[in-house]
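Engineer: Sending over a structure as C-alpha cells; questions will come in a sec.
The values are calculated or read from the model by the stated rules, or taken from the named source; none is laboratory data. Values in this document were obtained by computation on a predicted structure and should not be read as measured data. Note: ideal-geometry Cβ built from the backbone for every residue, glycine included; neighbour counts use all protein chains shown.
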Amino acid sequence: MGRRRTSQDGIQTRQNKGVAFPRVPVLLVGEDSLDLSRYAVILRRIGHQVHPCGSYEEGIRLLNSGAFGLLVVSQGTPNFEGRCLLERAVQIDRTLPVLVVARSLHMPCYLEAMQLGAVDYLAEPLSMKELGQTVERYMRPGPLGKAPALRTGIKRGEGPVQA
C-alpha cells in the first residue's frame, strides 16, 4: 500500500508500494521566475505534474487547451494582475480549485480573489510545508473529479483571521 514520508523540510512526499497515486496536473502561473521555480519544486516533490508558465496570457492559453486539477496563481503586486486568469478559470470550469499565492496580504486583492472564486489566498512568507499542505487540501483526482470542499477556517466573502 502507498505511504507518505515526511522529508527534512516538513513536506510529505508520496512513496509508492504497489499502489499508483493519481498524478494530477497543476497549472502554475506567475511572472516571477524565482517564485515559479520555488513553487514548482514544492509541487513536484509532493507528486504532482507541474506546468509552470511565466505570463498570465500564456496561462490562459494553457488553461483553454488543457485539463488541470488545480490552478496556482502567483501574485506579485497588489494590482492583482492574475485576475484575468482567475476569471477565465471560473468560466471554463467552476469546480477547478484556484489558489492565489501573493507576496503580501492586500485585503482588496484577497476579497476580490475570493469573490471571483478562488478557494484560498495565501500570503508570503510561506513555508514549503504550508504550500504543500494547502495544495493537497484542494486537490481533486482529475478533471472529472468532484470539486473540493472549501476550507472551514474562512468562508468566501470573509476576511482572513487577523492576530
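Engineer: If you go through the stretch 100-112 one residue at a time, do you hit one that is touching a Phe, Trp or Tyr at 6+ places or on another chain (Cβ under 7 Å), modelled with pLDDT of 90 or more and closer than 16 Å to Gly69 by Cα?
Structural biologist: Yes, the stretch 100-112 has at least one match.
Engineer: Here's another thing I want to ask about it. Quick test of your reading of the structure: Ser74 fulfils all but one of (1) among the polar types (S, T, N, Q); (2) out of contact with any helix residue (DSSP H, G or I) (no Cβ under 8 Å at 6 or more places or on another chain); (3) under 20 Å from Tyr121 (Cβ atoms). Name the failing condition by number.
Structural biologist: Looking at each condition in turn, Ser74 falls short on (2).
Engineer: Going through Gly47, Gly59 one at a time, which residue ends up being of a type in the set (Gly, Ala, Ser) and either loosely packed, with under 15 Cβ neighbours inside 10 Å or in a helix (DSSP H, G or I) (or both)?
Structural biologist: Gly59
Engineer: When you scan the stretch 26-44, how many residues do you find that are surrounded by fewer than 17 Cβ atoms within 10 Å (Cβ to Cβ) and not in a loop (DSSP other than H, G, I, E, B)?
Structural biologist: Number of matching residues: 6.
Engineer: Based on this model, can you work out whether Leu111 counts as more than 15 Å from Leu28 (Cα to Cα) and surrounded by 15 or more Cβ atoms within 10 Å (Cβ to Cβ)?
Structural biologist: yes
Engineer: Taking the stated definitions as given, is Tyr56 of a type in the set (Phe, Trp, Tyr), more than 14 Å from the chain's Cα centre (by Cα) and modelled with pLDDT of 90 or more?
Structural biologist: yes
Engineer: Looking at the stretch 94-108, which of its residues are crowded, with 16+ Cβ neighbours inside 10 Å and under 16 Å from the mean Cα position of the chain (by Cα)?
Structural biologist: Hits for the stretch 94-108 are Leu96, Pro97, Val98, Leu99, Val100, Val101, Ala102, Arg103.
Engineer: Here is a further query. Among the residues of the stretch 1-53, how many are modelled with pLDDT of 90 or more and hydroxyl-bearing (Ser, Thr, Tyr)?
Structural biologist: Of the residues in that region, 3 qualify.
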